[in-house]
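The block underneath contains the structure these notes are about, expressed in structure tokens.
The values are calculated or read from the model by the stated rules, or taken from the named source; none is laboratory data. Since the structure is predicted, the reported quantities are computational estimates derived from the model, not experimental observations. Ideal geometry is used to build each Cβ from the backbone, glycine not excepted, and the neighbour counts take in all protein chains shown. Only protein heavy atoms, including side chains, enter the accessible area calculation; ligands, DNA and RNA are left aside. Shrake-Rupley method; radii C 1.70, N 1.55, O 1.52, S 1.80 Å.
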Amino acid sequence: MSGYETLQMYIDGVWCDGSDGEYGEVINPATEEALARLPHAGTADLDRALQAAAKGFEVWRRTSPAERGKIMRKAADLMRERLESIARTLTLEEGKTIGESRAEVATSADIIDWYGQEGQRTYGRVIPPRSGDVRQIVVREPIGPVAAFTPWNFPGVTPARKIGGALGAGCSIIIKASEETPGTCVAMVRALADAGLPAGVCNLVFGVPAKISEYLIPSPIIRKVSFTGSIPVGKHLAQLAAQGMKPATMELGGHSPVIVFDDVDVEKVAQITVAGKYRNAGQVCISPTRFFVHDAVYDKFVSTFSELAKALPVGNGLDEANRMGSLANDRRMSAMDEFIGDAVDKGAKLLAGGERIGNQGFFYQPTVLGDVPDDARIMNEEPFGPVAPMQRWTTVDEMVKKANGLPYGLAAYAFTKSNQRAAEIADALESGMVGVNHLAISLPETPFGGVKESGYGKEGGVEGLDSYMISKFVTTTNA
Ligand code: NAD
């Protein structure tokens with residue numbers, strides 16, 4: 001008995017399999033064994049989901065924000081009650097440690113809860129008129145049914161942001177969660193259903209990603225698109241959305257610079273960044289990934305970081321003793337081999353790790369590369385795995401130029417004891433989010449999102465709610 005979630009789709013308030021009888025398989029990345037069969041949607045199922053979302057929107061937009069908030073809070077509380085079993089499902093399908101999964105489920109519940117409460121404060125405004133008999137108001141309305149697509153690396157938090165934002169604003173949603181890690185989203189939708197969410201408001205489908213996005217996005221029922229995933233897929237979906245003039249939120253990849261100044265407590269910064277780097281085995285869009293370390297502290301920082309990385313216990317995420325679990329799929333294993341081989345060929349020093357672990361499950365050693373040249377692929381492409389490339393710097397201008405030199409701009413980090421340097425570097429970095437002296441940049445109440453090719457739009461905070469709403473101007477005078 002694995003304790004894995006029972007997988008079904010949820011359309012118009014009914015748990016179901018696909019009408020074409022198609023299924024995929026979900027694998028446990030720690031053992032490579034099959035966990036469950038996942039039903040796939042056919043066209044008839046997608047049509048039902050679209051009709052349900054249209055109907056669900058009419059019901060939900062007329063449900064008072066206070067009532068919406070109650071249902072969302074109840075769903076969040078159910079997720080909290082079920083935390084242990086949802087976390088187990090998450091680790092079984094994604095591979096991260098059980099501690100990380102517990103934290104992710106707790107955060108996902110907080111996101112649903114926060115949006116349900118913030119949705120009660122979507123105030124409009126009154127604009128003073130130019131003549132006394134005119135009354136001018138701006139009202140905020142939900143934009144309409146949403147099509148959302150989420151990836152495998154955060155199977156709880158990424159759907160929670162989209163479902164929470166849409167429902168908090170009064171929208172309905174069709175979500176296609178990852179086929180590789182579907183169980184966590186199934187459990188979240190189950191909590192919403194059990195909390196009394198009306199039929200059609202939240203619909204969950206699975207299938208062949210391209211077929212589903214190409215069917216749902218052009219539908220006239222869909223008014224807003226939200227995607228988290230890779231830059232190439234994001235560009236494709238943004239084009240599909242643009243053809244229907246539909247607003248889109250795009251949370252795409254990153255390659256976060258980590259700037260270490262010469263005035264830091266090296267031991268402390270190494271501990272913080274090792275914990276951040278190897279969280280979810282580095283498969284995190286805001287993972288600290290390009291380390292720029294001041295020459296004066298480089299040797300000490302890199303050796304401390306490498307020793308801590310080598311000491312991390314790696315293994316099955318269900319074992320409480322492990323601090324890093326498996327990678328989520330085989331694609332990341334080959335990507336790590338290629339990034340490391342290329343960097344070493346170009347002159348980088350392998351300081352820790354560099355190898356696969358064992359021959360069952362997708363386990364990789366926490367890896368550190370020193371003095372990585374600028375032209376190594378890993379300094380230019382998002383690694384999305386447990387590899388930390390390090391470079392030394394001496395002048396701020398040269399370091400900032402490198403930090404800002406890629407098409408990415410999602411997250412950036414800096415470590416310094418100087419308030420002046422902290423302010424200057426936060427201003428200089430081209431990034432949607434900047435963490436100074438810590439890495440905690442993703443919270444329900446704070447805006448999350450990037451600039452440049454890392455995407456556009458925000459999730460989280462009032463900005464995240466805003467992205468599911470329109471402003472309508474109403475002006476009235478005497479008849
Ligand atoms: P991929 O580009 O094949 O897929 C990325 C995600 O998009 C997956 O969840 C996939 O199911 C979905 N997807 C793919 N084609 C789609 C389509 N036409 N319509 C709708 N959804 C579609 O890559 P991958 O091998 O799964 O991951 C590799 C890269 O993706 C990583 O290196 C990383 O850069 C990026 N990624 C980013 C995030 C993030 O949080 N921003 C999450 C996962 C992956």
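Key figures
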quantity	calculated
Some residue of segment 76-87 being part of a loop (DSSP other than H, G, I, E, B), out of contact with any Pro (no Cβ under 7 Å at 6 or more places or on another chain) and either open to solvent by 20 Å² or more (accessible area, probe 1.4 Å) or modelled with pLDDT under 95 (or both)	yes
Exclusive hit being touching a residue at least 40 places away in the same chain (Cβ under 8 Å) and buried (at least 18 other Cβ atoms within 10 Å of the Cβ), set 49, 54	49
Yes/no for residue 381 being in contact (Cβ under 8 Å) with a residue 40 or more places away in the chain, assigned by TED's automatic domain parsing to the domain that holds residue 276 and acidic (Asp, Glu)	yes
Any chance residue 229 is among the small types (Gly, Ala, Ser) and away from the ligand (no atom under 15 Å from the Cβ)	no
Among (1) in contact with an Asp or Glu (Cβ under 6 Å, 6 or more places away or on another chain); (2) closer than 30 Å to residue 122 by Cα, the one test that residue 404 misses	(2)
Residue 72 assigned to a helix (DSSP H, G or I), over 28 Å from residue 221 (Cα atoms), in contact (Cβ under 8 Å) with a residue 60 or more places away in the chain and assigned by TED's automatic domain parsing to the domain that holds residue 98	no
Filter pass, residue 23 being within 26 Å of residue 197 (Cα to Cα) and of a type in the set (Phe, Trp, Tyr)	no
Filtered residue count, segment 331-347, keeping only those that are loosely packed, with under 15 Cβ neighbours inside 10 Å and either at pLDDT below 95 or near the ligand (Cβ under 10 Å from one of its atoms) (or both)	1
Residue count for segment 203-226, restricted to those that are of a type in the set (Gly, Ala, Ser), buried (at least 16 other Cβ atoms within 10 Å of the Cβ) and within 21 Å of residue 180 (Cβ to Cβ)	3
Positions within segment 158-187 being outside any helix (DSSP H, G or I), over 21 Å from residue 82 (Cα atoms) and in contact with a strand residue (DSSP E or B) (Cβ under 6 Å, 6 or more places away or on another chain), in sequence order	170, 171, 173, 174, 175, 176, 179
Spans of strands (runs of 3 or more DSSP E) in segment 88-157 with at least 2 residues in contact with a Pro (Cβ under 7 Å, 6 or more places away or on another chain) and hydroxyl-bearing (Ser, Thr, Tyr)	none
Search result, residues across segment 275-293 that are open to solvent by 10 Å² or more (accessible area, probe 1.4 Å) and more than 16 Å from the ligand (Cβ to nearest atom)	275
